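Any read-out appearing in this document is the output of simple, stated calculations on the displayed coordinates, not a laboratory observation. It should be emphasised that the depicted structure is a prediction, and the values quoted were computed from it without experimental measurement. Here Cβ is always computed from backbone atoms with ideal geometry, including for glycine, and neighbour counts include all displayed protein chains.
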Amino acid sequence: MNVGFHPKRKASIRQRIEELAPWFHNMTIGGMATAPDHFLGDYPRCKWEKFAHALPQDIAGCSVLDIGCNAGFYAIEMKRRGAGLVVGIDSNPRYLAQAEFASTQAGIDLELHQMSVYDVGRLGRKFDLVLFLGVLYHLRHPLLALDLIHEHVAGDLLLVQSLQRGNDTVPKVRDDYPFSEWQLFEKADFPRLHFVEHRYAGDPTNWFIPNRAAVEAMLRSAGFRIEMHPEREVYLCRRGGRPEIVEPPPL
Ligand SMILES: C[S@@+](CC[C@H](N)C(=O)[O-])C[C@H]1O[C@@H](n2cnc3c(N)ncnc32)[C@H](O)[C@@H]1O
């Protein structure tokens with residue numbers, strides 16, 4: 001039995017894939033790959049396979065927010081795991097059009113909004129699971145974004161992925177150091193954000209690339225408890241309380 005697509009339908013899918021190009025997510029739509037020559041391989045499927053086990057197979061009825069959803073690969077996967085409401089936001093309208101097309105073709109219902117992470121408060125609700133994958137280092141204000149996610153949309157779990165560069169060990173840091181301490185800042189494993197003024201990998205939106213210690217410290221500082229580190233760049237966190245910041249007495 002021929003279960004393939006009618007040639008006319010296939011041609012119209014191909015045309016739409018081309019109209020919406022370039023794609024960052026390699027998705028298979030109507031048997032056609034959207035980004036077959038991706039520099040990271042079959043991306044993001046090859047990444048997802050390394051941390052998919054961190055989430056329960058069945059997330060029936062859970063509400064999910066995918067921040068920086070791009071063409072919707074992860075949002076669609078969440079629906080396939082049984083999630084109820086899945087909202088995807090992205091600042092780039094072309095990526096959202098890709099997500100709209102990919103989800104419609106897959107028969108999957110996503111709620112999509114063109115919105116920056118800095119505006120998540122406008123969603124006016126919290127979600128059981130927030131995905132924040134591949135966005136942190138694209139932001140000029142990464143800690144503000146984490147704070148806003150904590151305050152407005154994170155109901156329970158946060159799944160985070162960040163590009164990391166530099167040292168991969170996590171030092172024990174003390175609560176405080178004297179003003180005369182300089183050596184500390186020479187240590188490669190000190191939590192560090194590498195500021196990129198111009199471009200990294202040809203991309204002018206790579207702003208702050210953290211080392212591992214910095215990602216973990218920023219998550220804690222924004223009020224997220226790291227529960228699992230299933231893949232080098234990925235963390236599953238649970239929303240907790242924000243550490244109290246006590247102002248020092250005047251000198
Ligand atoms: C490297 S892609 C990651 C896409 C997807 N989350 C993944 O992990 O495959 C970064 C995405 O974040 C989006 N983005 C960048 N800055 C954003 C912002 N301020 N608010 C929302 N989305 C943003 C980009 O448009 C892009 O779709």
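Could you tell me whether A75 is at negative phi and surrounded by 15 or more Cβ atoms within 10 Å (Cβ to Cβ)? Before the answer, list the steps.
On the way: at negative phi: yes; surrounded by 15 or more Cβ atoms within 10 Å (Cβ to Cβ): yes.
Against the criterion (at negative phi and surrounded by 15 or more Cβ atoms within 10 Å (Cβ to Cβ)), A75 qualifies.
State which residue is nearest to A102 (Cα to Cα) when the search covers only region 19-57 and only residues that are loosely packed, with under 12 Cβ neighbours inside 10 Å and charged (D, E, K, R).
E19
Which one of L65, L96 is in a strand (DSSP E or B), touching a strand residue (DSSP E or B) at 6+ places or on another chain (Cβ under 9 Å) and within 13 Å of the ligand (Cβ to nearest atom)?
Residue meeting the stated conditions: L65.
State all residues of region 46-80 that are among the charged types (D, E, K, R) and over 18 Å from the mean Cα position of the chain (by Cα); if no residue qualifies, say none.
Our first condition is that a residue be among the charged types (D, E, K, R); within region 46-80, this holds for 47, 49-50, 58, 66, 77, 79-80.
Those that are among the charged types (D, E, K, R) and over 18 Å from the mean Cα position of the chain (by Cα): D58, R80.
Quick check on my filter: what residues within region 165-215 are of a type in the set (V, I, T), closer than 25 Å to R225 by Cα and surrounded by 13 or more Cβ atoms within 10 Å (Cβ to Cβ)? Quick ask: steps written out before the conclusion?
In the first step, residues of region 165-215 are kept if they are of a type in the set (V, I, T); the result is 169-170, 173, 196, 205, 209, 215.
When the remaining residues are screened for being closer than 25 Å to R225 by Cα, the result is 169-170, 173, 209, 215.
Across region 165-215, the qualifying residues are V170, V173, I209, V215.
Test G84 against the criterion of being touching a Cys at 6+ places or on another chain (Cβ under 8 Å) and more than 13 Å from the ligand (Cβ to nearest atom), and give yes or no. If you could, list the steps in order and put the result at the bottom.
Values: touching a Cys at 6+ places or on another chain (Cβ under 8 Å): yes; more than 13 Å from the ligand (Cβ to nearest atom): yes.
Yes.
Contact list please: Cβ distance under 7 Å, first residue in region 77-100 and within 19 Å of W48 (Cα to Cα), second residue among the hydrophobic types (A, V, I, L, M, F, W, C) and more than 15 Å from the ligand (Cβ to nearest atom), pairs at least six apart or on different chains.
The qualifying pairs are M78/I59; K79/I108; R81/I59; G82/I59; G82/A60; A83/I59; A83/C62.
When you scan region 44-61, how many residues do you find that are away from the ligand (no atom under 15 Å from the Cβ) and either small (G, A, S) or touching a Phe, Trp or Tyr at 6+ places or on another chain (Cβ under 8 Å) (or both)?
2
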